[in-house]
1. Hey, among the residues in segment 280-324 that are among the aliphatic types (A, V, I, L, M) and closer than 29 Å to L366 by Cβ, which one's farthest from the chain's Cα centre (by Cα)?
2. Taking segment 119-138 as the region of interest, how many residues are among the acidic types (D, E) and in contact with a helix residue (DSSP H, G or I) (Cβ under 7 Å, 6 or more places away or on another chain)?
3. Failed condition for Q333, given (1) surrounded by fewer than 17 Cβ atoms within 10 Å (Cβ to Cβ); (2) of a type outside the set (G, A, S); (3) touching a Cys at 6+ places or on another chain (Cβ under 9 Å), with all others met?
4. Kindly indicate which of Y226, Y192 is surrounded by 12 or more Cβ atoms within 10 Å (Cβ to Cβ), under 19 Å from Y147 (Cβ atoms) and not charged (D, E, K, R).
5. Can you list residue pairs whose Cβ atoms sit under 8 Å apart, with the first residue in segment 351-373 being at positive phi and the second being surrounded by 15 or more Cβ atoms within 10 Å (Cβ to Cβ) and of a type outside the set (A, V, I, L, M)? Count only pairs 6 or more apart in sequence or on different chains.
6. For segment 139-169, name all the residues that are assigned to a loop (DSSP other than H, G, I, E, B), surrounded by 19 or more Cβ atoms within 10 Å (Cβ to Cβ) and in contact with a helix residue (DSSP H, G or I) (Cβ under 6 Å, 6 or more places away or on another chain).
7. Tally the residues that are in contact with a helix residue (DSSP H, G or I) (Cβ under 9 Å, 6 or more places away or on another chain), among the aliphatic types (A, V, I, L, M) and part of a loop (DSSP other than H, G, I, E, B), restricting the search to segment 190-216.
8. Taking only segment 114-126 into account, find how many residues are assigned to a helix (DSSP H, G or I) and buried (at least 23 other Cβ atoms within 10 Å of the Cβ).
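The values are calculated or read from the model by the stated rules, or taken from the named source; none is laboratory data. None of these values were measured; they are calculated from a predicted model. Every residue, glycine as well, gets a Cβ built from its backbone with ideal geometry; the counts of neighbours run over all protein chains shown.
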Amino acid sequence: MTAPKGGIFLVKSAYIHIPFCEHICHYCDFNKVFLEGQPVNEYLISLGDEMKQRVMSPDKLDTIFVGGGTPTSLNAGQLDVLCESINNHLPFDQGEFTFEANPGDLTEDKLQVLKDHGVNRLSFGVQSFNDELLKGIGRTHRSKDVYTSVETAQKVGFSNISIDLIYSLPKQTEEDFQDTLKKALDLDLPHYSAYSLIVEPKTVFYNLMRKGKLSLPSQDEEAAMYEILIETMEKYGINQYEISNFAKRGYESKHNLVYWDNNEYYGLGAGAHGYINGVRYSNYGPLKKYMDPIAEGSLPTIQQHEVTKAEMMEEEMFLGLRKVNGVSKSIFQQKFDCSVESVFGTSITEMEKRELLLVDEERVALTKQGRFLGNEVFQSFLGVI
């Protein structure tokens with residue numbers, strides 16, 4: 001968050017990156033390496049050392065999110081070391097503590113380790129319940145693994161469980177996505193995320209697309225799937241609170257709301273990004289380049305950027321507008337000592353005329369139609385200051 005007028009920054013969240021995977025998916029562009037033969041134990045030591053160096057404030061964190069890669073590709077002993085390190089080095093004793101997981105990775109002993117260390121939320125990368133589609137996108141789990149993993153997690157005592165889905169996959173139809181949604185919702189979980197496929201550079205799918213060998217649904221079919229998503233979630237009583245995220249009341253992801261509220265957070269681990277004291281930074285991605293500076297007592301930062309006030313205001317809009325509740329006018333005023341209309345009045349008026357924005361006394365938010373054209377709306381707030 002922007003510093004209050006007293007100049008004191010409060011960082012209340014931490015993202016921790018575990019870059020190891022047992023298999024690389026065809027769409028993934030996150031910083032990751034094959035697990036086999038990697039210096040996993042040494043990496044975990046370096047990660048603990050970065051926590052000690054990076055997290056200087058005694059303020060208690062409200063959220064911790066461990067992502068990847070695949071954090072649960074670590075064995076039970078390594079997960080124990082990781083969680084012990086988090087508990088020793090981060091000022092956190094209660095709040096939202098999330099681990100990402102792949103269906104099929106989480107054995108009962110791994111789940112018990114996480115539970116014993118205070119992890120209270122799991123996010124499973126399910127993507128689809130169609131086994132042929134899963135095979136086609138490079139996933140190694142199958143739909144039966146989803147049921148087994150959720151059941152085992154619940155048996156160990158986890159109730160706050162989320163699953164991620166992807167739509168607009170190669171060869172996916174609207175009927176198939178509807179079927180996946182029904183199977184996901186029949187699990188009666190408190191949180192769901194669903195994202196349209198984005199083909200990123202340096203991925204298997206990107207290389208296939210360049211060769212003309214990737215058959216994707218059309219933009220109209222993608223929009224139809226998003227419409228199905230919104231309507232089906234509503235039918236099941238799952239509240240949309242962000243463009244791609246849906247939850248039962250009270251189960252919204254507190255950690256992800258940190259990003260969308262444009263607040264600050266620590267980024268820890270190889271390739272992690274963070275935002276502290278008005279500075280956005282990123283760490284080295286390759287393991288050796290990440291670990292070497294830490295061994296010498298330095299931080300593994302590869303780049304940092306001091307965010308200008310104009311950039312902060314732009315970020316407040318294009319991040320905040322992802323939320324269904326939109327951007328709070330009073331919080332904008334409090335953060336920047338000016339009204340949102342005085343800075344972005346022209347853009348707001350234009351988007352409101354096109355019925356893409358809803359504006360009232362308290363907020364500026366996307367209309368339902370605006371959620372379908374979100375990127376176009378976000379773009380209208382860039383470079384206007």
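1. Step one: list which residues in segment 280-324 are among the aliphatic types (A, V, I, L, M), which gives 287, 291, 294-295, 299, 302, 307, 310, 312-313, 317, 319, 321, 324.
With the extra rule that they be closer than 29 Å to L366 by Cβ, the set shrinks to 307, 310, 312-313, 317, 319, 321, 324.
Details: V307: 21, A310: 25, M312: 20, M313: 21, M317: 18, L319: 13, L321: 16, V324: 17 Å.
Among them, the one singled out is A310.
2. The initial filter retains those residues of segment 119-138 that are among the acidic types (D, E), namely 131-132.
Those still in the list that are in contact with a helix residue (DSSP H, G or I) (Cβ under 7 Å, 6 or more places away or on another chain) too: 131.
Going through segment 119-138 one residue at a time, the tally reaches 1.
3. (3)
4. Numbers: Y226 fails: under 19 Å from Y147 (Cβ atoms).
Of Y226, Y192, the one residue that is surrounded by 12 or more Cβ atoms within 10 Å (Cβ to Cβ), under 19 Å from Y147 (Cβ atoms) and not charged (D, E, K, R) is Y192.
5. Matching pairs, first to second residue: E355/T367; E355/G370.
6. Once the filter is applied, which keeps residues that are assigned to a loop (DSSP other than H, G, I, E, B), surrounded by 19 or more Cβ atoms within 10 Å (Cβ to Cβ) and in contact with a helix residue (DSSP H, G or I) (Cβ under 6 Å, 6 or more places away or on another chain), segment 139-169 yields S168, L169.
7. Final tally of qualifying residues: 4.
8. Let us first name the residues in segment 114-126 that are assigned to a helix (DSSP H, G or I), namely 114-116.
If we keep only those that are buried (at least 23 other Cβ atoms within 10 Å of the Cβ) too, we end up with 114.
Summing the residues that are assigned to a helix (DSSP H, G or I) and buried (at least 23 other Cβ atoms within 10 Å of the Cβ) in segment 114-126 gives 1.
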